[in-house]
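The values are calculated or read from the model by the stated rules, or taken from the named source; none is laboratory data. Note that the structure is a prediction, hence the values are computed from the model and not measured. So basically every Cβ, Gly included, is an ideal-geometry build from the backbone, and we count neighbours across all protein chains shown.
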Amino acid sequence: MTRARKSPRTPTGGRSVARPPGRTTTTSRAGRRTGRTAATRAVAGQVAVAETQVSLRVNGADVTRTVEVRRTLVDFLREDAGLTGTHIGCEHGVCGACTVLLDGQPVRSCLIFAVQADGAEVTTVEALGTVEALSPLQQAFAEHHALQCGFCTPGFLMTAHALLRDDPHPSDETIRDALGGHLCRCTGYQTIFEAVRAAASRGAA
């Protein structure tokens, strides 16, 4: 007599169930909170990754994309919204290069999932000014040579912008404290400090 072959057990002790390739649905933690259902993309030979729809208001414009639930906010901004002014540095929340404003507050966008920001308002460095028309803060950075390679500059600008918006006349200590959460390998920081102080003296954010 030939015995029927048993299906293999999973690491948790249950029976594994073969699933056809394609798309299934699952509800992520964020989905349970918001009532939305995430789609799971199953690709042959790859681990299935859940996807969900994310809607943000970025620099005054509504942006809606369907993305993987593991996608960070910085990747969403750069790859899905096409806003590459926000830079990716350490990806550990240390360097500050990826700083943006989330509902008006400076945050490290490499530490936040895009789905966590769903429904929020995001402001990136692109909102401050353009090459043809720099903001007063950007102009101060240029005048005081507060950037060299420029990689860290967007993060410094967003933090300084929020600082001067909330405190138009900060003390030197307050400026240094605000900028202390950013890393720069070029300038030695003094010129960045001087640029922010100059912008503050002009009452500009």
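Contact map, the stretch 169-189: first residue surrounded by fewer than 19 Cβ atoms within 10 Å (Cβ to Cβ), second residue assigned to a loop (DSSP other than H, G, I, E, B), Cβ cut-off under 6 Å, separation 6 or more or different chains; pairs are Gly181/Gly96; Leu183/Cys95; Cys186/Gln148; Cys186/Cys149.
Does Ala146 count as assigned to a helix (DSSP H, G or I) and at pLDDT 95 or above? Let's see the steps before the verdict.
Values: assigned to a helix (DSSP H, G or I): no; at pLDDT 95 or above: yes.
Here the answer is no, as Ala146 does not meet what is asked.
Considered as a group, the residues in the stretch 124-164 that are aromatic (Phe, Trp, Tyr) and surrounded by 18 or more Cβ atoms within 10 Å (Cβ to Cβ) include one that is nearest to Pro106 (Cα to Cα), and that residue is Phe156.
Restricting attention to the stretch 60-105, the residues being buried (at least 20 other Cβ atoms within 10 Å of the Cβ) and within 16 Å of Ala162 (Cα to Cα) number 7.
Only residues that are within 15 Å of Met158 (Cα to Cα) and either outside any loop (DSSP other than H, G, I, E, B) or in contact (Cβ under 8 Å) with a residue 24 or more places away in the chain (or both) were counted across the stretch 78-109, and they come to 18.
Filtered by the rule that a residue be over 18 Å from Leu101 (Cβ atoms) and part of a helix (DSSP H, G or I), the stretch 159-173 gives Asp172, Glu173.
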